[in-house]
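First comes the structure, then the notes that go with it.
The values are calculated or read from the model by the stated rules, or taken from the named source; none is laboratory data. Everything quoted here is computed from the prediction, not taken from an experiment. All Cβ positions, glycine included, derive from the backbone under ideal geometry; neighbour counts span all protein chains shown. SASA here: full protein model, heavy atoms, side chains in, ligands and nucleic acids out. Shrake-Rupley method; radii C 1.70, N 1.55, O 1.52, S 1.80 Å.
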Amino acid sequence: MEEYLKIEGLSGKRQLSGEISVKGAKNAILKIICASFLFENELKISNAPRLKDVLWLLEILENMGYESVFEDSNVVIKKSGELSGELPFDMARKLRSSIVLLGPVLARVGYVKMPFPGGDKIGLRPVDLFLEGLKSLGAEVTEEDDYIYLKTSGTLKGSNFFFKRQSVTATESVMMAAVLAEGETVLGNVAMEPEIVHLANFLNKCGADIEGAGTPFMKIKGTSGKALFSHSLVYNTPPDRIEASSFLALSAVAGKDVTITNCNTGEMLAVLELYKSMGLNFEYSDNTIHIFGNDSADKLQMLDFVTHEYPGFPTDVQAPTVAAMTQMSGEAHVFESIFADRFGYVESLRLMGSDITQMDLRNVIIKGPRQLKGMTLRSIDIRAGLAYIIAATCAQGTSKIEKIYHIDRGYEDIEGRLSKLGLNIERIIPKC
Ligand code: EPU
């Protein structure tokens with residue numbers, strides 16, 4: 001039997017109180033780990049979250065010529081032998097973000113052999129933008145069976161490339177390849193997520209020349225194959241805006257007096273604006289959010305929202321927010337514009353007693369408030385897992401959340417941290 005989370009619901013009462021500190025961003029650290037291939041010397045990372053995805057990616061690198069040491073919240077990654085362009089099949093299949101390696105590995109090693117990546121089941125996740133972007137820099141691409149093969153004869157060459165749609169990881173991967181290319185690359189319609197800006201800023205301090213990160217166009221002057229040098233610089237992983245937003249969603253409906261610390265609210269404006277408009281009583285500064293729960297959650301009025309690329313409302317906060325809305329009054333329409341199938345968790349929320357109608361794969365209508373009942377739930381992706389934690393917290397009775405490795409992929413020690421807020425949550429590890 002697998003481990004699971006057991007949560008005693010609060011029956012709709014707002015009882016959580018205390019302080020919860022946000023960890024380093026999963027979607028930032030994964031990319032800087034991929035950037036190891038761009039460096040001549042070792043790479044040091046601080047504020048590293050201890051997440052399954054991070055550990056898996058480090059293991060992938062260990063199969064490709066690197067060694068890493070993870071102590072407290074610091075990681076050091078350095079070369080341990082000859083670099084390989086071949087990703088281990090099973091590990092790479094498990095971790096969608098391993099696809100980011102395509103660009104930096106190709107630029108440094110000259111070839112890549114990787115399986116088509118796996119990851120969350122949130123709709124078709126193609127890789128065409130990665131391949132087209134890297135082809136424009138001179139990569140020869142072949143696809144055979146379950147593998148993608150890329151190679152380059154000599155140094156990649158700078159190019160003009162326009163992404164036909166914005167993609168976070170494709171932007172990061174092609175940007176990193178262009179850093180070691182010969183000549184100038186102009187990338188258009190790039191994603192503008194803050195994690196890309198953090199990555200570009202760090203690479204620039206180490207010898208890269210990237211202009212325009214955080215805007216729709218980037219100009220990259222390549223080093224003609226010369227690897228970057230990090231000197232004694234340390235990449236300080238920025239706070240996870242998705243984790244902070246998830247805690248905000250939970251506190252909005254179950255918090256009496258909760259302070260979220262170590263966050264960067266400047267990167268969370270769309271989320272803060274929605275909760276403010278729904279009537280949540282909270283205050284925030286640059287790095288903290290203080291939620292006051294003096295009214296019951298049904299005093300909040302749910303509102304329509306649409307997920308959108310940054311700076312819009314993040315798709316990764318959609319599921320936690322829908323779960324929170326089940327406790328609010330009114331009716332709301334939610335449109336998922338980024339992923340084709342990210343409402344897979346809704347059926348379980350319905351079985352718990354919520355009133356959610358799924359119109360099609362991208363649209364749901366929620367009516368509330370509804371008292372939820374505890375039940376057994378199975379996480380299907382990281383953010384759906386968090387939505388289940390919110391629903392289970394608000395429910396009457398006990399819930400059991402299975403497949404919690406999904407939650408462990410994106411939230412470190414979730415039970416330890418939420419129990420400090422007074423939630424009765426426990427990880428049960430059955431004895432075989
Ligand atoms: N897309 C293509 N072709 C491609 C790549 C993407 O059509 O070659 C499409 C996708 O299918 C999707 C859209 O483009 O419909 C946007 O997806 P994007 O590529 O931006 O997503 P991603 O880079 O795979 C990252 C995060 C996700 C987050 C999205 C959107 C990482 C490792 N993952 O994914 O995070 O939801 O951006 O912000 O950075 C999570 O943390 O739970 C998570 C899923």
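Mind counting the residues in segment 186-197 that are free of Cβ contacts under 8 Å to residues at least 40 places away in the same chain and either in contact with a strand residue (DSSP E or B) (Cβ under 8 Å, 6 or more places away or on another chain) or assigned to a loop (DSSP other than H, G, I, E, B) (or both)? The qualifying residues number 4.
Residues considered: 215, 223. Of these, the only one that is away from the ligand (no atom under 16 Å from the Cβ), under 29 Å from residue 362 (Cβ atoms) and in a loop (DSSP other than H, G, I, E, B) is 215. Selection over segment 337-380 of residues that are closer than 25 Å to residue 311 by Cβ and of a type in the set (Val, Ile, Thr) gives a count of 3. The residue that is most open to solvent (accessible area, probe 1.4 Å), among those in segment 359-382 that are in contact (Cβ under 8 Å) with a residue 60 or more places away in the chain and within 16 Å of the ligand (Cβ to nearest atom), is 361. With respect to being open to solvent by less than 50 Å² (accessible area, probe 1.4 Å) and touching a Leu at 6+ places or on another chain (Cβ under 7 Å), residue 218 fits the description. If you check 232, 246 for being at pLDDT below 95 and either assigned to a loop (DSSP other than H, G, I, E, B) or under 19 Å from the mean Cα position of the chain (by Cα) (or both), only one passes: 232.
Can you tell me how many residues in segment 146-185 are within 16 Å of the ligand (Cβ to nearest atom) and in a helix (DSSP H, G or I)?
The qualifying residues number 10.
Residues that are in contact with a Leu (Cβ under 7 Å, 6 or more places away or on another chain) and either assigned to a strand (DSSP E or B) or open to solvent by 50 Å² or more (accessible area, probe 1.4 Å) (or both) within segment 403-425 comprise 422, 425, listed in sequence order. Of note, residue 291 satisfies the criterion of being away from the ligand (no atom under 16 Å from the Cβ), buried (at least 16 other Cβ atoms within 10 Å of the Cβ) and under 19 Å from residue 247 (Cβ atoms). Of all residues in segment 198-212, none satisfies being closer than 21 Å to residue 127 by Cα, at pLDDT 95 or above and in a loop (DSSP other than H, G, I, E, B). When residue 129 is tested against (1) open to solvent by 10 Å² or more (accessible area, probe 1.4 Å); (2) assigned to a strand (DSSP E or B); (3) among the hydrophobic types (A, V, I, L, M, F, W, C), exactly one condition is not met: (2).
Applying the criterion of at least 1 residues that are open to solvent by 10 Å² or more (accessible area, probe 1.4 Å) and modelled with pLDDT of 95 or more to the helices (runs of 4 or more DSSP H) found wholly in segment 1-103 leaves 26-34, 52-62.
Please verify whether segment 275-284 includes one or more residues that are in contact (Cβ under 8 Å) with a residue 40 or more places away in the chain and surrounded by 18 or more Cβ atoms within 10 Å (Cβ to Cβ). Yes, some residue in segment 275-284 is in contact (Cβ under 8 Å) with a residue 40 or more places away in the chain and surrounded by 18 or more Cβ atoms within 10 Å (Cβ to Cβ).
Can you spot a residue in segment 116-136 that is more than 15 Å from the ligand (Cβ to nearest atom) and farther than 25 Å from residue 82 by Cβ? No, segment 116-136 contains no residue that is more than 15 Å from the ligand (Cβ to nearest atom) and farther than 25 Å from residue 82 by Cβ.
Those strands (runs of 3 or more DSSP E) of segment 267-385 in which 2 or more residues are within 26 Å of residue 405 (Cβ to Cβ) occupy 355-360, 376-378.
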